[in-house]
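These notes concern the structure reproduced below.
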Number of protein chains: 2
Amino acid sequence: MEEQRMSISDLQESEREEPQEREQGQVSEAEAHGYDVSKYERPSVTVDVVMMSLRQKDLQVLLVKRRAWPHEGMWAIPGGFVNMDESLEDAAKRELWEETQVENVYLEQLYTFGDPGRDPRTRVITVVYFALLDSERLQVKAASDAVDVDWFPVYDLPPLAFDHKKILEYTLNRLRGKLDYTTIAFNLLPEQFTLRELQRVYEMILHKRIDKRNFRKKVLSTGILEDTGAKKMEGTHRPARLYRFNPAAEHEL
Amino acid sequence: MEEQRMSISDLQESEREEPQEREQGQVSEAEAHGYDVSKYERPSVTVDVVMMSLRQKDLQVLLVKRRAWPHEGMWAIPGGFVNMDESLEDAAKRELWEETQVENVYLEQLYTFGDPGRDPRTRVITVVYFALLDSERLQVKAASDAVDVDWFPVYDLPPLAFDHKKILEYTLNRLRGKLDYTTIAFNLLPEQFTLRELQRVYEMILHKRIDKRNFRKKVLSTGILEDTGAKKMEGTHRPARLYRFNPAAEHEL
DNA sequence: TTAATAGTGTCTGTGAGACACTATAGT
DNA sequence: ACTATAGTGTCTCACAGACACTATTAA
């Protein structure tokens, strides 16, 4: 929540209102930092996007380093203002594109945070989305990012701005809850994958070991996987079958 | 979503901004109705509350009749603007109080709708909550409401304004999903209730018959119910035990 | 042949769901 | 005694989870 990666000039640029009468409360700290709160009489609406992906055999989340007060220098979930002529989801897609240059990924609205005082500058109402990107498409872009954008393992995070730690925990719980009655996990994998890779995704999200035989038995029995016939050879051992997700079988896992 | 029960004068009253440059798109129809869109350059943020309760052995939802364009005369989910100094949840509680004079009920954030053009007047971003009220406390107030506020059975609704029908379906699905792993259903019952009454709640929400023996077996085995010792006598038949919810047993159903 | 991962089947316990009769109150 | 609802037990089937060995490849 809150807008991140926005210097004061960024905010001014996107501000189209005239200054108005002051709003009472939680103004002093903002003013002390030279922030003109009076311009934000009405709540600002922003969209934050929790982007998760598999990188280096790890479940990781994309964060941006804040360049301005408050929480300057801390890492935060990327987000920005919602334009007047775009839907909330479009704003989330735009944010996704700006950070990763990736499109057509799994995107879901999570929760809306809007307590007064959560952002010391002004009243900000933030709609949080979360996105799951498959590692393959993402790797094209890889390390071309600026230094203030980076991926972090979800179980090994730096200190986060605002209450973004709470939001990430909320996200993980949502993901876990959906894991066994939806096909949400497939969004983290490329088109073809081995059962072992799928199992790793489940293990990382649930953050616990799963029995190999039981997992295979269960997944294959649902019929949502299709054997591609191809095999994945890597290393000095027996190659693994490659499967693909079969959307025709719209069963729930 | 969208603000309801607000005449044009209501909107003007709650409007504190100066007129600004016009916003492009979806303006003409609003202007034709004498609605000054230019005042709403930035999105308005409202909170709508889906209030459900058990009335006359029926699962019902509270609706208000719109008194102004658009959708004048149609029924809608009650809602209103979020004040600058109140949280989203506080706004929902306020709305709840205004409509039912009830406090301390189950309240949960559902989803946020914000497509441009959903409200022909201006861009409105609406955070939807839903509330479950127990019938006993509610009955005190009963029929003292104005004619433009009423309760409707959720499976027998009048035509609804905006896309409120979709929202109610969404609400019901959320309720159903939570039914078997939370204790959410107890919020619709008074402090003491019979197993039959509890079963009726489940049947109404799931909209299907449940086997009596299996239901009792399952519910009692969780240990979340406490026998009050009292019995409910009504009619010419064997009286039923009265139970109460035991919050100490924080198991999930 | 070794190293490293892929791939496979059985047993047991638990829970869901189908199903029908007895108990107890008012009249 | 009759009527109307409360209250109770068994069986079957499906699924979850524990558990250990064989198969196949590259080096």
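The values are calculated or read from the model by the stated rules, or taken from the named source; none is laboratory data. All values reported here derive from a predicted model rather than from experimental measurement. As a convention, Cβ positions derive from the backbone with ideal geometry for all residues, glycine included, and neighbour counts pool all protein chains shown.
At a glance:
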{"read-out": "Subset of the stretch A:104-135 (residues that are aliphatic (A, V, I, L, M) and within 13 Å of another protein chain (Cβ to nearest Cβ))", "value": "A:Leu110, A:Val124, A:Ile125, A:Val127, A:Val128"}
{"read-out": "Selection count, the stretch B:213-226, where residues are more than 8 Å from DNA strand D (Cβ to nearest atom) and surrounded by fewer than 12 Cβ atoms within 10 Å (Cβ to Cβ)", "value": "2"}
{"read-out": "Helices (runs of 4 or more DSSP H) fully within the stretch B:148-243 counting 1 or more residues that are within 16 Å of the chain's Cα centre (by Cα)", "value": "B:164-179, B:195-206"}
{"read-out": "Qualifying positions in the stretch A:206-253 - within 30 Å of A:Tyr170 (Cα to Cα) and more than 15 Å from DNA strand C (Cβ to nearest atom)", "value": "A:Leu206, A:His207, A:Lys208, A:Ile224, A:Phe245, A:Asn246, A:Pro247, A:Ala249, A:Glu250, A:His251, A:Leu253"}
{"read-out": "Pick from the stretch B:87-103, criterion in a loop (DSSP other than H, G, I, E, B) and modelled with pLDDT under 95, ranking: farthest from the other protein chains (Cβ to nearest Cβ)", "value": "B:Gln101"}
{"read-out": "The stretch B:41-85, subset free of Cβ contacts under 8 Å to residues at least 60 places away in the same chain and in contact with a helix residue (DSSP H, G or I) (Cβ under 7 Å, 6 or more places away or on another chain), residue nearest to the other protein chains (Cβ to nearest Cβ)", "value": "B:Val82"}
